[in-house]
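I have placed the structure first, in the form of structure tokens, so that the comments after it can refer back to it.
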Amino acid sequence: MSRIRVAVIGGGANGEHDVSLASAAAVVGALDPGAYEIVGLTIGRDGTWLDAAGEVIGLAAAVEMLQGCDVALPIVHGPRGEDGTLAALLELADVPYVGSGLRPGALAMDKWVTKLIAQDLGIAVAPGRLLTARTAADYTWSAPVVVKPVAAGSSLGVTLVSRPEDLDAAMAEALRHDDRILVEQVIKGREIDIAILKNPDKIVASPTLEIITDGGFFDYAAKYGGEATKFLIPAPIEPAATRAIEEAATAMYEALGCRGVARFDFFVTEEGTVLNEVNTMPGFTAHSQVPRMFAAAGMPYPRLLDTLIGLACGHG
């Protein structure tokens with residue numbers, strides 16, 4: 001039986017470049033070489049395409065290589081990748097690929113639009129305001145807030161603002177990553193993640209995962225600094241809260257039109273569950289949340305990848 005020719009794309013022209021490279025390298029390391037022939041491609045920080053040897057090949061040559069593959073794994077987080085950009089390229093090139101398409105990628109990357117969709121579904125979100133560089137000057141601080149770019153990942157540009165004198169710097173930092181920012185009310189609750197995977201015949205929810213950090217704020221340093229962050233699987237929450245999270249995540253998955261696997265981040269508060277954000281191409285090392293959650297359910301990392309590739313190829 002011939003091997004499946006798989007293109008694994010990593011990197012990206014955004015602030016999550018290094019995170020994506022780690023995810024892509026982990027994917028390559030986990031794929032069975034007896035079952036897959038791997039074609040490595042990297043998108044540089046400047047947007048150039050490189051082959052597995054690190055040689056610049058350009059977009060046209062990269063597309064030609066992709067069209068010679070059976071399936072692609074676009075393991076690129078953040079803007080110009082996870083936001084539907086790569087999905088659109090693969091659609092135009094007629095290459096089957098793992099993960100969500102253009103529409104869900106673009107919608108989920110836009111945190112403001114995600115809020116609007118969630119609210120229409122009756123899912124609670126943090127109260128917030130959408131601002132630009134022009135309108136930010138009119139915002140008046142009245143309570144602790146979280147300032148974040150509308151379309152960025154890995155908590156880049158996200159700041160917890162507890163003092164009014166820190167607001168301008170937080171907004172400036174967020175505007176470095178996007179031309180629109182969100183200023184959200186601080187939600188006091190436990191941080192709970194869940195992943196949704198759609199098989200041809202059913203939707204599967206992973207076990208829940210609770211994130212515990214020493215500082216209580218899951219920022220970029222906490223996500224990738226290592227030892228200060230703990231993950232509890234399943235999250236030690238009430239069954240009713242677990243059901244609410246599963247239902248909300250499934251509703252969002254379907255409303256967005258996601259494919260493959262997506263991660264949904266919530267807060268569990270005294271008043272109920274609150275959706276924080278949606279990730280259509282979440283971190284994908286063996287130690288990232290999604291692989292951890294499915295491993296706890298009896299689906300090891302390599303088998304999760306096999307499942308996703310099978311779904312993309314139409315025989316999952």
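Would you check if there is a residue in the stretch 200-209 being in the same structural domain as SER288 (by TED's automatic domain parsing), touching a strand residue (DSSP E or B) at 6+ places or on another chain (Cβ under 7 Å) and assigned to a loop (DSSP other than H, G, I, E, B)?
yes
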- Query: If a residue has to be within 14 Å of the chain's Cα centre (by Cα) and of a type in the set (Ser, Thr, Tyr) to count, how many in the stretch 86-99 make the cut?
  - Reply: 0
- Mind checking which strands (runs of 3 or more DSSP E) fall wholly inside the stretch 127-171 and carry at least 3 residues that are touching a strand residue (DSSP E or B) at 6+ places or on another chain (Cβ under 9 Å), surrounded by 20 or more Cβ atoms within 10 Å (Cβ to Cβ) and not aromatic (Phe, Trp, Tyr)? 145-149
- Task: Please indicate, with yes or no, whether at least one residue in the stretch 102-115 is in a helix (DSSP H, G or I), closer than 15 Å to ASN279 by Cβ, among the β-branched types (Val, Ile, Thr) and under 17 Å from the mean Cα position of the chain (by Cα).
- Result: yes
- For ALA195, indicate whether it is over 15 Å from TRP112 (Cβ atoms), aliphatic (A, V, I, L, M) and crowded, with 21+ Cβ neighbours inside 10 Å. yes
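For the stretch 33-46, check the following and say yes or no: at least one residue is of a type in the set (Ser, Thr, Tyr), within 23 Å of LEU304 (Cβ to Cβ) and over 23 Å from the mean Cα position of the chain (by Cα).
Yes.
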- Pairs where the first residue, in the stretch 285-303, is more than 13 Å from ILE233 (Cβ to Cβ) and the second is in a helix (DSSP H, G or I), C-beta under 6 Å, 6+ apart: THR285/ALA22; THR285/SER23; THR285/ALA26; ALA286/ALA26; ALA286/TYR301; TYR301/ALA30; TYR301/PRO291; PRO302/ALA30
- Enumeration of residues in the stretch 31-80 that are aliphatic (A, V, I, L, M) and in contact with an Asp or Glu (Cβ under 9 Å, 6 or more places away or on another chain): LEU31, ALA35, VAL39, LEU41, ILE57, ALA61, ALA62, MET65, VAL76
- Note on the structure: Per the filter on the stretch 88-101, residues of a type outside the set (D, E, K, R) and assigned to a helix (DSSP H, G or I) are ALA88, LEU89, LEU90, LEU92, ALA93
- Return only the number of the condition from (1) at negative phi; (2) in contact with a helix residue (DSSP H, G or I) (Cβ under 8 Å, 6 or more places away or on another chain) that ASP166 does not satisfy. (2)
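The values are calculated or read from the model by the stated rules, or taken from the named source; none is laboratory data. Owing to the predicted nature of the structure, the values given are computational and were not obtained by experimental measurement. Here the Cβ is made from the backbone with ideal geometry for all residues, glycine too, and neighbour counts use every protein chain on show.
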